[in-house]
1. When you look at G49, is it exposed (fewer than 10 other Cβ atoms within 10 Å of the Cβ) and either in contact with a Gly (Cβ under 7 Å, 6 or more places away or on another chain) or free of Cβ contacts under 8 Å to residues at least 60 places away in the same chain (or both), yes or no?
2. Could you please tell me which pairs satisfy a Cβ distance under 6 Å, a separation of 6+ or placement on different chains, a first residue in the stretch 12-24 that is touching a residue at least 12 places away in the same chain (Cβ under 8 Å), and a second residue that is outside any strand (DSSP E or B) and loosely packed, with under 15 Cβ neighbours inside 10 Å?
3. Determine, yes or no, whether A60 is of a type outside the set (S, T, Y), surrounded by 12 or more Cβ atoms within 10 Å (Cβ to Cβ) and part of a helix (DSSP H, G or I).
4. Filtering the stretch 21-38 down to residues that are aliphatic (A, V, I, L, M) and in a strand (DSSP E or B), which residue is surrounded by the most Cβ atoms within 10 Å (Cβ to Cβ)?
5. If you go through the stretch 28-50 one residue at a time, do you hit one that is in contact with a strand residue (DSSP E or B) (Cβ under 6 Å, 6 or more places away or on another chain) and of a type in the set (K, R)?
Amino acid sequence: MCLALPAQIITLDAAADTATVSVGGVRVEVSMALIDDARPGDYVLVHVGYALSRIDEQEALKTLALFAEMNQYPAPYTI
């Protein structure tokens, strides 16, 4: 199973085709090679260092809220 996380674009470096995004307050650099017309403030889905697509802000915030809610409960398994 693959998981892409919503992240907000903080800055863009068009020359390098990269962006700094914020995921839960953590900033990471991702490739923007797969997305056109993105701007700071937009939300994107990020998977293994690549922004895959733009996502509506309301949908991104709803998804992030669900992740936060899941984090409140202990995992039903142990490793």
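1. No, not satisfied.
2. Correct list of pairs: D17/A33.
3. yes
4. Residues of the stretch 21-38 aliphatic (A, V, I, L, M): 21, 23, 26, 28, 30, 32-35, 38.
Within this subset, residues satisfying the condition of being in a strand (DSSP E or B) are 21, 23, 26, 28, 30.
Working: V21: 26, V23: 15, V26: 8, V28: 14, V30: 22.
By that ranking, first place goes to V21.
5. Within the stretch 28-50, not a single residue is in contact with a strand residue (DSSP E or B) (Cβ under 6 Å, 6 or more places away or on another chain) and of a type in the set (K, R).
Yes or no, residue by residue, for (1) surrounded by 15 or more Cβ atoms within 10 Å (Cβ to Cβ); (2) assigned to a strand (DSSP E or B); (3) hydroxyl-bearing (S, T, Y):
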position	(1), (2), (3)
P6	yes, yes, no
L12	yes, yes, no
A19	yes, yes, no
L45	yes, yes, no
S53	no, yes, yes
A68	no, no, no
Y73	no, no, yes
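Any read-out appearing in this document is the output of simple, stated calculations on the displayed coordinates, not a laboratory observation. These figures come from a predicted structure and were not determined experimentally. Cβ: placed from backbone, ideal geometry, glycine included. Neighbour counts: every protein chain shown.
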